[in-house]
Amino acid sequence: MLTKNPGDGLGFAAWPAYRVSNGQMWSMQLRLNDCYRQQRFPYPGFGSDATIALSTYLGVNAKGAASIAPAIKR
Amino acid sequence: MKKNTLFVLTGLATALLLAGCATGPSVAELNALTNQIVKSSFRDQSHVKVTRITETDETNLACSEADVAGKPLDEKTARAIEAVNLKAIKWPSDGKFIGDWKEGEKIAQSGRGLTWSDDAKMANGGNCYNCHQMDKKEISFGTIGPSLYNYGKIRGVTDPASPASKAMVEYTWGKIWNAKAYNACSNMPRAGHMGILNETQVRHIVGLLLDPKSPVNQ
């Protein structure tokens with residue numbers, strides 16, 4: 001659910017993280033890029049207004065939650 | 001380029017918001033702003049074009065706006081959308097509706113295709129298990145759509161070739177080809193209509209669902 005605060009160490013509060021599926025350390029930007037890719041979207045630019053707006057929105061909604069970055073994600 | 005776009009967008013956003021100050025930006029203004037941001041934020045990559053999201057049809061537009069507004073489409077619009085989509089269905093060119101269920105199962109299992117990292121030359125999958133149960137043996141299935149286990153059996157289709165089964169066979173084809181012909185804002189992708197699956201693939205999936213020998217109907 002994108003509009004609620006998922007809590008400590010979840011969602012926005014878990015990035016940047018080592019993403020096991022890719023064997024790499026990923027930023028939120030890269031994670032969003034892959035999110036759009038699997039939705040069959042065209043390519044979102046890094047640092048684009050859409051991705052900055054979306055991560056800001058996620059970050060604001062997660063206000064107060066404890067970050068666990070750098071984390072491990074699947 | 002980046003700074004320029006940001007400035008233009010901020011200026012545009014401010015202008016739009018001020019223009020609608022009394023009641024907030026209108027739907028039309030927000031749509032225009034969204035289109036601006038989309039065009040500046042996304043690019044074509046491999047075979048995936050930005051037009052895929054900027055040139056959606058009236059059906060998608062109407063259903064998306066209803067979704068954003070939080071109000072379902074009114075009866076009249078919904079029926080009209082269904083009629084347009086029903087009319088657009090391409091029925092099998094050779095009149096054969098039932099294919100090979102074994103191939104159908106492979107297509108239902110495959111979710112490949114249409115991302116920018118997919119090879120455009122390879123066949124797309126139907127991704128059916130993403131939302132539906134079908135073969136009882138497959139325990140990894142989604143529940144976004146209703147279970148299709150025993151699909152043909154439940155509907156009394158013992159012989160798909162018989163005249164008694166004609167309506168159900170045609171409905172099954174139609175639903176896979178263009179789900180919105182029967183439910184205006186269905187979440188089910190319009191597999192045939194949008195070019196995700198071709199005629200042969202749809203035929204195999206119909207076989208998976210309606211062939212009495214298919215594991216779906218055991």
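The values are calculated or read from the model by the stated rules, or taken from the named source; none is laboratory data. As the structure is a prediction and not an experimental result, all values here were calculated from the model. All Cβ positions, even for glycine, are placed from backbone atoms using ideal geometry, and neighbour counts span all protein chains on display.
Just a few scattered comments:
- The sole residue among B:Ser26, B:Ser41 that is within 14 Å of another protein chain (Cβ to nearest Cβ), modelled with pLDDT of 85 or more and either surrounded by 13 or more Cβ atoms within 10 Å (Cβ to Cβ) or under 22 Å from A:Ala53 (Cβ atoms) (or both) is B:Ser41.
- Annotation: of all residues in region A:56-68 being out of contact with any Phe, Trp or Tyr (no Cβ under 6 Å at 6 or more places or on another chain) and farther than 21 Å from B:Asn35 by Cβ, the one that is farthest from the other protein chains (Cβ to nearest Cβ) is A:Ala66.
- From A:Ser27, A:Ser48, residue being more than 11 Å from chain B (Cβ to nearest Cβ) and either out of contact with any strand residue (DSSP E or B) (no Cβ under 6 Å at 6 or more places or on another chain) or modelled with pLDDT under 95 (or both): A:Ser27
- The sole residue among B:Lys121, B:Lys180, B:Lys175 that is loosely packed, with under 13 Cβ neighbours inside 10 Å and either among the charged types (D, E, K, R) or touching a residue at least 12 places away in the same chain (Cβ under 8 Å) (or both) is B:Lys121.
- Residue that is farthest from the other protein chains (Cβ to nearest Cβ) [pool: residues in region A:30-44 that are assigned to a loop (DSSP other than H, G, I, E, B) and buried (at least 16 other Cβ atoms within 10 Å of the Cβ)]: A:Phe41
- The residue that is farthest from A:Ala53 (Cα to Cα), among those in region A:9-20 that are at pLDDT 95 or above and outside any helix (DSSP H, G or I), is A:Val20.
- Residue match in region B:102-122 (condition: within 14 Å of chain A (Cβ to nearest Cβ), assigned to a helix (DSSP H, G or I) and not β-branched (Val, Ile, Thr)): no
- Qualifying residue in region B:142-151 (condition: buried (at least 20 other Cβ atoms within 10 Å of the Cβ) and assigned to a loop (DSSP other than H, G, I, E, B)): yes
- Number of the condition not met by B:Lys76 [criteria: (1) under 19 Å from the mean Cα position of the chain (by Cα); (2) of a type outside the set (A, V, I, L, M); (3) over 26 Å from B:Lys213 (Cα atoms)]: (1)
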